[in-house]
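Here's the structure, in structure tokens; my notes come after.
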Amino acid sequence: MLRRILALGFACAAASSFGQLLTDIDPNWKEVDAPPPPAVRTQGLIPLETSASIALRFGVDPASVSVGADGVVRYVVVASSASGTVNAMYEGLRCNTAEVKVYARHNPDSGWVPVRGAEWQPLQDRPNSRHSLVVARTGACMGRGISGTASDIVRALRSPAEARFDRR
């Protein structure tokens, strides 16, 4: 009997979540103009644990994290190599659609360069940028919603995995 009650509860929750997901995706959604990328900082970054690259270390600049009026979480992620080369990307996440967009790339020679024709890409389809998925899963998104304010996201990114969504 208990198994049936639990199964029914899980089924109702899943159906409710799916219905909520469908209503959360607004067909009239419009992206606001992204603010220009901030200066690249290499100090005080929040490290990201990615298994995609042994040669690169990734970190998010906590001062760059913002949540736009359009529901996009924007941030700068810095990639540094063992040789000392530093590159950065100014990205946006849409938690409700599980998509990411790169607005600009920074390299030491040219500074910030806007990405021409940047499009929203599914998070799962970017094998060379697992860092975006890590940002989404470890701080920016909670399911298909934003984890809260920019400071909530920074706090979650800094927290140990087992304490990330403890709101006490």
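The values are calculated or read from the model by the stated rules, or taken from the named source; none is laboratory data. Since the structure is predicted, the reported quantities are computational estimates derived from the model, not experimental observations. A quick note on method: Cβ atoms are made from the backbone with ideal geometry, for glycine too, and the neighbour counts reach across all protein chains shown.
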Worksheet item: Assuming Trp112 fulfils every condition listed in (1) more than 25 Å from Arg155 (Cα to Cα); (2) in contact (Cβ under 8 Å) with a residue 60 or more places away in the chain; (3) assigned to a loop (DSSP other than H, G, I, E, B) apart from one, which condition is it?
Response: (3)
Worksheet item: Which is closer than 15 Å to Arg41 by Cα and hydrophobic (A, V, I, L, M, F, W, C), of Val73, Val65?
Response: Val65
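Kindly check whether there is at least one residue in the range 27-39 that is in a strand (DSSP E or B) and farther than 20 Å from Ile153 by Cα.
no
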Worksheet item: Within the set of pairs 6 or more residues apart or between chains, which connect a residue that is closer than 19 Å to Gly92 by Cβ inside the range 36-51 to a residue that is polar (S, T, N, Q) with Cβ atoms less than 7 Å apart?
Response: Pro38/Ser64
Practice prompt. Quickly run through the range 54-83 and pick out the residues that are more than 20 Å from Gly145 (Cα to Cα) and out of contact with any Phe, Trp or Tyr (no Cβ under 9 Å at 6 or more places or on another chain).
Written response: Ile54, Ala55, Leu56, Arg57, Phe58, Gly59, Ala63, Ser81, Ala82, Ser83
Worksheet entry | Members of the range 147-168 that are closer than 19 Å to Val102 by Cα and at pLDDT below 95 | none
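Can you tell me which residue in the range 31-49 is surrounded by the most Cβ atoms within 10 Å (Cβ to Cβ), limited to those that are among the β-branched types (Val, Ile, Thr) and under 23 Å from Pro114 (Cβ atoms)?
It comes out as Val40.
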Worksheet item: Assuming Ser51 fulfils every condition listed in (1) outside any helix (DSSP H, G or I); (2) small (Gly, Ala, Ser); (3) modelled with pLDDT of 90 or more apart from one, which condition is it?
Response: (3)
